[in-house]
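Asker: Attaching a single structure in structure tokens format; questions to follow.
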Amino acid sequence: MPMEHNVFISYAWVDNEVYPGADKGWVSTFVDCLRKHLAHELGRREEAERIWLDYEQMRGNDSVTPTIRATLQASRTLVLVLSTGYLASAWCQQELAVFLEKVGEGSDRIFVVQMSSVEQEPEALADLVKYRFWYLDDRRRPSTRWFPHIDPTDREYSFEQQRLARDLADKLRELLAAGDRDAVPLSDGPTRAALTTGKTRAVATPTPAPVGDHFVLVSGGENDRDLIYQTARRLEENELGVAIPLSAMADQAGIKSSVLSRDLRTKLSLCDSVLIVYRSGPLDQVSQYLIECLKAGTRARKGHAAPSIDLCQTQEDHLALGLHPVGMRIHVVGKTSADDCVKQFLAR
């Protein structure tokens, strides 16, 4: 069957209600922003426009309609907006079931957007990487980002959406390389994707840009998140591929430790280099992260070099972490500047 759609958005109607003072519902706003991020990652606006969202309420009363079923069969990936409303919707459950019939359990062609915190997610989603769009407010209650109105001061929303767009772009390129003959060729760029189960697939890589082919994982302790993001953005400006593990991002309450570990292992398996920043730490987090990076080196696939490791720290003592493995480069930098860290990293 020809693949007419790159992305199918599965969501509950209740999550796209338009509130007074808002122009669009949460899901519509989310998809509009996702199109822009995806166009940037793919390099082609027309491919990013191939997102299917049911604006016309084409679902049946009792079961998935033939039109919706055909649309799911003609879609390469599924973006699922997980919420209490989603779990309460029989139609949403059926859409997931139809797509699972096509791709199988545990497929990395399903992308889970956590609009809100749920008590129990579907078992079919348990092992998939999640994209979290909720946080805990000052009273430790779950709240959805950009709900019910857009909040341009909330940068975490855009950071997480960009992460989703990058993973989607990687998967679309992989599907094309694996023989999706009905796909329109995407722009050249690095192609890196792997199953969240940790199994490896053969991946064909289009001819990359001279610099952009290098993929760097940037991380550090929770007290240095601002420095992590600044460093990652400077690397992006130098045309390097960048990833940040979930464990180094915003508040991770509600995300299973197994998911955080799997996310880290997957990203470490894809990267060429690891850049750790250490200013405030805490020390135990940064030290443990370095240990996980070293373990990743022992799991490197045959024929693939283990990722190189660089550490940017404000401390003069090279043993500040209590660990200095052979081959790790240490760069002593200023307390507030990501520029020095990136400059020294690139210089090597």
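The values are calculated or read from the model by the stated rules, or taken from the named source; none is laboratory data. Just so it is clear, the structure is predicted and the values come from calculations on it, not from any experiment. Virtual Cβ from ideal backbone geometry, glycine too; neighbours counted across all protein chains shown.
Asker: I'd like to check something: does the range 231-250 contain any residue that is among the acidic types (Asp, Glu), without any contact (Cβ under 8 Å) to a residue 24 or more places away in the chain and either in contact with a His (Cβ under 7 Å, 6 or more places away or on another chain) or closer than 22 Å to Gly322 by Cβ (or both)?
Answerer: No, the conditions are met nowhere in the range 231-250.
Asker: Next question, about the same structure. If a residue has to be in contact (Cβ under 8 Å) with a residue 12 or more places away in the chain and surrounded by 15 or more Cβ atoms within 10 Å (Cβ to Cβ) to count, how many in the range 15-35 make the cut?
Answerer: 12
Asker: Go through the range 46-92 and give me each residue that's modelled with pLDDT under 90, within 20 Å of the chain's Cα centre (by Cα) and farther than 27 Å from Phe147 by Cβ.
Answerer: Scanning the range 46-92 gives a single hit, Glu47.
Asker: Of these, Glu46, Glu119, which one is surrounded by fewer than 20 Cβ atoms within 10 Å (Cβ to Cβ) and without any contact (Cβ under 8 Å) to a residue 24 or more places away in the chain?
Answerer: Step by step, each of Glu46, Glu119 is checked, and only Glu119 is surrounded by fewer than 20 Cβ atoms within 10 Å (Cβ to Cβ) and without any contact (Cβ under 8 Å) to a residue 24 or more places away in the chain.
Asker: Which numbered condition in (1) at pLDDT 85 or above; (2) part of a loop (DSSP other than H, G, I, E, B); (3) in contact with a helix residue (DSSP H, G or I) (Cβ under 8 Å, 6 or more places away or on another chain) is the only one that Ile255 fails?
Answerer: Failed condition: (1).
Asker: If I ask for residues that are in a loop (DSSP other than H, G, I, E, B) and either in contact with a helix residue (DSSP H, G or I) (Cβ under 8 Å, 6 or more places away or on another chain) or closer than 15 Å to Met115 by Cα (or both), which ones from the range 139-153 would you list?
Answerer: Arg141, Arg145, Trp146, Phe147, Pro148, His149, Ile150, Asp151
One line per residue, one yes/no per condition, for (1) out of contact with any His (no Cβ under 9 Å at 6 or more places or on another chain); (2) free of Cβ contacts under 8 Å to residues at least 24 places away in the same chain; (3) hydroxyl-bearing (Ser, Thr, Tyr); (4) surrounded by 22 or more Cβ atoms within 10 Å (Cβ to Cβ):
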{"position": "Ala74", "(1), (2), (3), (4)": "no, no, no, no"}
{"position": "Val81", "(1), (2), (3), (4)": "yes, no, no, yes"}
{"position": "Ser89", "(1), (2), (3), (4)": "yes, no, yes, no"}
{"position": "Glu105", "(1), (2), (3), (4)": "yes, yes, no, no"}
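Asker: Taking the range 310-346 on its own, how many of its residues are outside any strand (DSSP E or B), within 12 Å of Ile276 (Cβ to Cβ) and under 26 Å from the mean Cα position of the chain (by Cα)?
Answerer: 2
Asker: Which members of the range 136-175 meet the condition of being over 12 Å from the mean Cα position of the chain (by Cα) and closer than 17 Å to Glu49 by Cα?
Answerer: Leu172, Arg173
Asker: Any idea which of (1) of a type outside the set (Gly, Ala, Ser); (2) buried (at least 20 other Cβ atoms within 10 Å of the Cβ); (3) without any contact (Cβ under 8 Å) to a residue 40 or more places away in the chain is the one Arg69 doesn't satisfy?
Answerer: (2)
Asker: Any residue at all in the range 87-99 that's touching a Lys or Arg at 6+ places or on another chain (Cβ under 6 Å), of a type outside the set (A, V, I, L, M) and closer than 22 Å to Lys171 by Cα?
Answerer: For the range 87-99, residues touching a Lys or Arg at 6+ places or on another chain (Cβ under 6 Å), of a type outside the set (A, V, I, L, M) and closer than 22 Å to Lys171 by Cα: absent.
To keep it simple, each residue is scored yes or no on (1) in the same structural domain as Asp154 (by TED's automatic domain parsing); (2) in contact with a helix residue (DSSP H, G or I) (Cβ under 9 Å, 6 or more places away or on another chain); (3) farther than 18 Å from Trp26 by Cβ.
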site: Arg44; (1), (2), (3): yes, no, yes
site: Leu72; (1), (2), (3): yes, yes, yes
site: Arg76; (1), (2), (3): yes, yes, yes
site: Gln93; (1), (2), (3): yes, yes, yes
site: Glu105; (1), (2), (3): yes, yes, yes
site: Asp108; (1), (2), (3): yes, yes, yes
site: Val118; (1), (2), (3): yes, yes, no
site: Arg132; (1), (2), (3): yes, yes, no
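Asker: To continue, here is another question. Looking at Gly21, is it out of contact with any Gly (no Cβ under 6 Å at 6 or more places or on another chain), modelled with pLDDT of 85 or more and of a type in the set (Gly, Ala, Ser)?
Answerer: yes
Asker: Checking Arg265 against (1) crowded, with 16+ Cβ neighbours inside 10 Å; (2) modelled with pLDDT of 85 or more: exactly one of these is not met. Which one?
Answerer: In the conditions (1) crowded, with 16+ Cβ neighbours inside 10 Å; (2) modelled with pLDDT of 85 or more, Arg265 misses (2) alone.
Asker: Take the residues in the range 232-252 that are at pLDDT 80 or above and small (Gly, Ala, Ser), then tell me which one is farthest from Arg141 (Cα to Cα).
Answerer: Gly241
Rundown of residues vs (1) assigned to a loop (DSSP other than H, G, I, E, B); (2) at pLDDT below 85; (3) more than 25 Å from Ser258 (Cα to Cα), yes/no style:
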{"residue": "Arg166", "(1), (2), (3)": "no, no, no"}
{"residue": "Glu174", "(1), (2), (3)": "no, no, yes"}
{"residue": "Pro185", "(1), (2), (3)": "yes, yes, yes"}
{"residue": "Gly189", "(1), (2), (3)": "yes, yes, yes"}
{"residue": "Ala193", "(1), (2), (3)": "yes, yes, no"}
{"residue": "Thr196", "(1), (2), (3)": "yes, yes, no"}
{"residue": "Val216", "(1), (2), (3)": "no, no, no"}
